[in-house]
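Structure, as structure tokens:
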Amino acid sequence: MSNSILFNNQQKRLNPPMWQLLCFSMFCFWQMGFIYFMGPALNIDGRTPLPISIDNVATLIAVAYIVSILFMLIFPKKVVFAGRLCTLTALITLFGLFFPLDVNILRFLIYAHIFVCCTMIGFETFIMVNFFSEKATIRHLTIAYGVSMLLISVVQNDFIPITFPVFRIVTVFALIFLSVFYFSIPTDNNSFPEYVKKNDNLTAPKKLLSGTFILIFISSLMTVSGASISGEVYNGVFVSYFTAAAISILIYVLYKKFNIHPFRSISVSMAFGGVGFLLMYAAAFMPALSYVSCVLIGIGMVPCAMIPLYCVMIMKSYPAKYLTPVTISLALVAVLVQSSMVEVFRDIPSILNLTYSIIMVILVVVYLQLEPHFLYAFKRNIPVPDSEPDTGNKQETDSDTVINNIQITSTVPDIQLTSTVPENREIINNVGDKTDDMLKALTKRELEVLDLIACGYSNSEIAKTLFISEHTVNDYTKKIYKKLNVHSRYAAAQFVNNKNKDQ
């Protein structure tokens, strides 16, 4: 699918060095290390190092989420500026906590601090989805997040309690590093992605979008739930986050050293998480299982944090303005659902754990249906836009038997964008090196249809994209299935990904 918007957006994506990603990951440390454990809103007992009591945290978090969502919808090109302002505001409110202030002033500063932090939750996702390359997003969500979660495990331990003075000092350093990152991100319009409009000839993959939104909601729910349930076990938060840190780094090592893509590790990690919640249910009868459960829940929390990566994959084929705001809206709903579930099952936590294990099973099922499309989107090169739109009227000949987007390689390739389209002869030579006879048997138009199938498009959406009738697309689809010896869209996408993996 050739389009100047997709091509230009991909060229703009950033590959920040690791030190910048580590600075950015301090937001996760700041958020999950302290803010989410300041009161009973997200945890049955609540964990707080603060010298005063605070109430209405759940309402404050909900308002902050809503402000973030509205800001991203109305002022998307000002998000980086807002991130800078929020970080500086957080530092100012934090410095106020170093002085012997009146209790009411202290409480106000803490509320302001929490509000700014929760507002920036949407900004964090926005930066990754709109600015980071696919590989930068993976490095951030594995290596950088691994370091961040390791720090979270330290500050949330029970055997060395973190005092309020330590809380202040550590948070100051986290916010300084986060400020460094935000002031290193470009803010000019040329660096900002272009969103799809009605006249851009880009069609939304509706089923893929719907499935992704379901995946985002459940993942958000289980991210919060994992921390909540682990908090019920002495040192459980430490165990879960320490495990999550180790698994995050392991996933990146498997990716770089053994070519096992993180997308192929996610479903396995989710399954471990499901077993962890089930064991936590069993721990009500066999307490010795509690720590094993926390370890498995920690493993399951890792894929639940991959939400930005799913959105980056969607942006490669359909850069929608609403993608990040909807994602954060779903995260807000997940927080509210989690809080409600905690209240409902406060006296019967074993039933809550059993419910979580069932939800994790649903999460695995949903993810497995989307995995081939995500994996293909990651490896897919954005083709150089044609000088004229393809209306589908061009007559196909044997010379059209070329590979455009279907690229089967032995390793996960870098996104390489060139300013010219190679001649058909060169592409044919490339095909001979990289694909088998099944793919070479497809015509150019069939390859275009297969490309869109693997991207998650329905036949009607493919017809709109290629300016041909849906009946014609149905014919092409049948021919593709026959030549590749597959029987579904899912299997066709898997076929292409398996060739990528095997050759």
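So here's what we get for this one:
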{"item": "Single condition VAL268 does not satisfy, out of (1) touching a helix residue (DSSP H, G or I) at 6+ places or on another chain (Cβ under 8 Å); (2) farther than 30 Å from PRO319 by Cβ; (3) modelled with pLDDT of 90 or more", "result": "(1)"}
{"item": "Residues being assigned to a helix (DSSP H, G or I) and in contact with a helix residue (DSSP H, G or I) (Cβ under 9 Å, 6 or more places away or on another chain) - total across region 136-166", "result": "21"}
{"item": "Lone qualifier among THR125, THR163 - being among the polar types (S, T, N, Q) and open to solvent by less than 30 Å² (accessible area, probe 1.4 Å)", "result": "THR125"}
{"item": "Which listed residue is surrounded by fewer than 22 Cβ atoms within 10 Å (Cβ to Cβ), within 30 Å of VAL326 (Cβ to Cβ) and touching a residue at least 60 places away in the same chain (Cβ under 8 Å), from ILE266, ILE214", "result": "ILE214"}
{"item": "Qualifying position, being at pLDDT below 90, within 22 Å of the chain's Cα centre (by Cα) and crowded, with 18+ Cβ neighbours inside 10 Å, among LEU42, LEU97, LEU106", "result": "LEU42"}
{"item": "Qualifying positions in region 335-352 - assigned to a loop (DSSP other than H, G, I, E, B) and either aromatic (Phe, Trp, Tyr) or under 26 Å from MET149 (Cα atoms) (or both)", "result": "PHE345"}
{"item": "Some residue of region 83-92 being among the β-branched types (Val, Ile, Thr), within 19 Å of VAL172 (Cα to Cα) and surrounded by 22 or more Cβ atoms within 10 Å (Cβ to Cβ)", "result": "yes"}
{"item": "Index of the failed condition, ILE185 passing every other in (1) at pLDDT 95 or above; (2) among the β-branched types (Val, Ile, Thr); (3) within 22 Å of GLN11 (Cβ to Cβ)", "result": "(1)"}
{"item": "Within region 240-250, considering residues that are buried (at least 24 other Cβ atoms within 10 Å of the Cβ) and either over 15 Å from TYR291 (Cβ atoms) or of a type outside the set (S, T, N, Q) (or both), the one farthest from the chain's Cα centre (by Cα)", "result": "TYR241"}
{"item": "Within region 372-386, tally of residues that are surrounded by fewer than 19 Cβ atoms within 10 Å (Cβ to Cβ) and under 14 Å from SER265 (Cα atoms)", "result": "0"}
{"item": "PHE183 over 22 Å from the mean Cα position of the chain (by Cα) and surrounded by fewer than 17 Cβ atoms within 10 Å (Cβ to Cβ)", "result": "yes"}
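So that you can scan it fast, the table gives a plain yes or no per residue for (1) within 29 Å of GLU448 (Cα to Cα); (2) assigned to a helix (DSSP H, G or I); (3) open to solvent by less than 10 Å² (accessible area, probe 1.4 Å):
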residue: GLY276; (1), (2), (3): no, yes, yes
residue: MET280; (1), (2), (3): no, yes, no
residue: LEU289; (1), (2), (3): no, yes, no
residue: LEU296; (1), (2), (3): no, yes, no
residue: MET313; (1), (2), (3): yes, yes, yes
residue: LYS321; (1), (2), (3): yes, no, no
residue: PRO325; (1), (2), (3): no, yes, yes
residue: SER329; (1), (2), (3): no, yes, no
residue: VAL333; (1), (2), (3): no, yes, no
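The values are calculated or read from the model by the stated rules, or taken from the named source; none is laboratory data. Source: prediction; values computed, not measured. Every residue, glycine as well, gets a Cβ built from its backbone with ideal geometry; the counts of neighbours run over all protein chains shown. Ligands, DNA and RNA are stripped out before the accessible areas are found, and what is left, the full protein with its side chains, is counted by its heavy atoms. Shrake-Rupley method; radii C 1.70, N 1.55, O 1.52, S 1.80 Å.
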